[in-house]
Structure formats: C-alpha cells, structure tokens
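Colleague: Attaching a single structure in structure tokens format; questions to follow.
The values are calculated or read from the model by the stated rules, or taken from the named source; none is laboratory data. What you see is a predicted model, and the numbers here were worked out from it, not measured in a lab. Reconstructed Cβ throughout: ideal geometry from the backbone, glycine too, with neighbour counts over all protein chains shown.
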Amino acid sequence: MENRWGRICVRGLEAVIVACLALMAVLVFGNVVLRYAFDSGIAVSEELSRLLFVWLIFLGAILASVQRAHIGFDALVERLPLAGRKALVLLTGGLMLWACGMFLVGGWKQTQINLENSYPVLGISYGWLYGVALVFGAGMALAIAGNVWQTLRATRAPQLTQDLGDRILEKMPDVAAADKREDTR
C-alpha cells in the first residue's frame, strides 16, 4: 500500500513538473514569436512563466529527494560501519527536517503577508508565489522522513544517493519491454 501511494505521488509530481515546463515553453516561445513577428505579445507570459518556474524548481527538488537523486557527499559515510552510517543519516535527517520546519513557518508568514498583494498583470495573489514554500516544506519533510526511515530499517549498508548511470541501468529493462510491446502492435 505504501509503495502504491508513493508511486502515485511521484507520478503526480512528475505530471505537474512536465505541465509547468510545457506551459513555460509555450508561453515564452509564443511571446518571442509574437513580439518579433507581429510586434505584440502575451501580457501574462512573463509573470506566469516566472511563477511556474518557481513551482517547477521546488517540486523538482522534492522529486529529486524522493528518488535520492540530489548530489551527495558520501565519501566519509561510505567508510563507516552500518551503525555509524545510520547515526549520521539520523543526524542529517533531523537537521534537514528542522530546515523544512523553517520553510513551513517562513512560508506561512510570507504567504499571509502577501495574500492581499497581487501580480500587476496576472491579478492573482502573491500568496501563490510564497505558498510554494509550504508545499516544499511539507513535501520535502515527507521525502526526508521516508528516506531516513528506509535507511534506519536497512539490514545492510544503505545507498544514500543513486548515481545517474545506475538509475539509467535500473530502468533499461522497462524501456526494452516497452519497445517490445510497441513492436508487437
């Protein structure tokens, strides 16, 4: 059950990130074409693409944490025994959860302060900009807590980060199976 909800959340994050990126590309490209070809433009393009970019970055950070794809400096940790690794993961996880708490508190205060202010062209509240800190703080806290829990439950040395090459190799059988399904159609 836990893995199913985790996969649903990851797929949801991926879909929102793709939607943000696609909409940003259409807005910016469309605005450039309209400005240079027709001497006009999309009025909301700049503000909306900036807002989408902020959301994309913070949601991407949550996704990277869930997938353990953030850059990790684990040269020291790799040399420690299992108990030492777990102790350091617990310490760093606690510090990161504290930082997530700071994001939640600061994001809540900034969102409240800026609810009455609105974007000049979009006309929506700046709360949408600062509200990303709330989503990021909660999402990252869940991701960190899950990563720490998995590490503490591990009976052998946990992999704290996952190399891009290893992630590609891990997905290769899925890609090959999808290719075979396409060929049989």
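Colleague: Pull up segment 5-48, narrow it to residues that are among the β-branched types (Val, Ile, Thr) and under 14 Å from the mean Cα position of the chain (by Cα), then point me to the one that is farthest from Gly139 (Cα to Cα).
Modeller: Here the answer is Val18.
Colleague: Turning to a different aspect of this structure: Quick check on my filter: what residues within segment 98-135 are surrounded by fewer than 16 Cβ atoms within 10 Å (Cβ to Cβ) and closer than 25 Å to Gln150 by Cα?
Modeller: Answer for segment 98-135, where residues must be surrounded by fewer than 16 Cβ atoms within 10 Å (Cβ to Cβ) and closer than 25 Å to Gln150 by Cα: Trp98, Ala99, Gly101, Met102.
Colleague: Suppose we keep only residues that are touching a Gly at 6+ places or on another chain (Cβ under 7 Å) and of a type outside the set (Phe, Trp, Tyr) within segment 114-130. Which one would you say is farthest from Thr92 (Cα to Cα)?
Modeller: The qualifying residue farthest from Thr92 (Cα to Cα) is Leu115.
Colleague: Among the residues of segment 69-87, is there at least one that is modelled with pLDDT of 90 or more, closer than 24 Å to Cys20 by Cα and surrounded by 13 or more Cβ atoms within 10 Å (Cβ to Cβ)?
Modeller: No, the conditions are met nowhere in segment 69-87.
Colleague: I've got another one for you. Among the candidates Val148, Val44, which residue alone is of a type in the set (A, V, I, L, M, F, W, C) and out of contact with any Ser or Thr (no Cβ under 9 Å at 6 or more places or on another chain)?
Modeller: Matching residue, one of Val148, Val44: Val44.
Colleague: Still on this structure, please answer the following. Using beta carbons and a limit of 8 Å, which pairs, at least six apart or on different chains, have the first residue in segment 89-111 and of a type in the set (A, V, I, L, M, F, W, C) and the second one exposed (fewer than 15 other Cβ atoms within 10 Å of the Cβ) and in a helix (DSSP H, G or I)?
Modeller: Close Cβ pairs satisfying both conditions: Val89/Leu152; Leu90/Leu152; Leu97/Ala145.
Colleague: Tally the residues that are more than 12 Å from the chain's Cα centre (by Cα) and in contact (Cβ under 8 Å) with a residue 60 or more places away in the chain, restricting the search to segment 49-77.
Modeller: Number satisfying all stated conditions: 5.
Colleague: May I pose another question? With the structure loaded, tell me whether Trp98 is assigned to a helix (DSSP H, G or I), in contact with a Cys (Cβ under 7 Å, 6 or more places away or on another chain) and either at pLDDT 90 or above or at positive phi (or both) or whether it fails that test.
Modeller: Against the criterion (assigned to a helix (DSSP H, G or I), in contact with a Cys (Cβ under 7 Å, 6 or more places away or on another chain) and either at pLDDT 90 or above or at positive phi (or both)), Trp98 does not qualify.
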